[in-house]
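These notes concern the structure reproduced below.
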Amino acid sequence: MVKIHPDDVTTTSGAGEETISPYLTTEPESFTIWMKSLVFNTNGCTVFNSKGRIIYRVDNYNSKSCREVYLMDLSGHVLFTLRRQKFGLFKTWEGYRSSSETAESTTKLEYFRVKNKVFQIPNKDSSSSYRVVTGSCRNDEQYCYKMVNRGESLAIEDNCGKLLAEVKRKQSRNGLKLGEDVLTMTVESQVDHSFIVGLVLAHSLINCIL
């Protein structure tokens, strides 16, 4: 099995700096997403940080496009539970953050919904967008975030159009693109990267990739 290691990224921080959350970026960070599970190389997803350490994983085993998916840390603690919902003809996924790191303890206080727009026709040369509504913005007429798919690149923006994260095919040091299941995710500073990974997973589930 080919081993995948993210590029080394050197980061610095001031003495005595502390982050409020272990998942909050203090400066732009890069991650590698491998759309495979480490459990017998089955369906799922594995996320590495810039030092090559596994920080997130999804293990669907032999199932694909499950109705319920768990985003876990390396130890298997559930961080987000993603559930498929039926709203007419539209594909919608909802995510709930686990307050005590178990699948049974999800709370709607930490909630997001990803919904694709009406009758989008996939085309790698055109753009498509997805609305993201969170617990503090439950009115579907509004949105808090937006995911914009432009060809092989996925951008995650706030409702003012500010870029929060971007996902695209990973390239080797000499510029060659790796497999379609190996991605680079760049997250801007002061962003919860666990939430960003949850959105990326929801996007993959909507498009039947995961």
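The values are calculated or read from the model by the stated rules, or taken from the named source; none is laboratory data. For clarity, every value in this text was computed on a predicted model and none was experimentally measured. Counting neighbours? That spans all protein chains shown, and the Cβs are built from the backbone with ideal geometry, glycine included. SASA here: full protein model, heavy atoms, side chains in, ligands and nucleic acids out. Shrake-Rupley method; radii C 1.70, N 1.55, O 1.52, S 1.80 Å.
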Any hit, the range 144-159, residues being without any contact (Cβ under 8 Å) to a residue 12 or more places away in the chain and open to solvent by 40 Å² or more (accessible area, probe 1.4 Å): no
Test for Lys86: is it in a strand (DSSP E or B), open to solvent by 60 Å² or more (accessible area, probe 1.4 Å) and modelled with pLDDT under 90: yes
Top-ranked residue of the range 162-187 - restricted to ones that are touching a Lys or Arg at 6+ places or on another chain (Cβ under 8 Å) and in a loop (DSSP other than H, G, I, E, B), ranked as surrounded by the most Cβ atoms within 10 Å (Cβ to Cβ): Lys170
Selection status of Ser50, under 17 Å from the mean Cα position of the chain (by Cα), in a loop (DSSP other than H, G, I, E, B) and at pLDDT 75 or above: yes
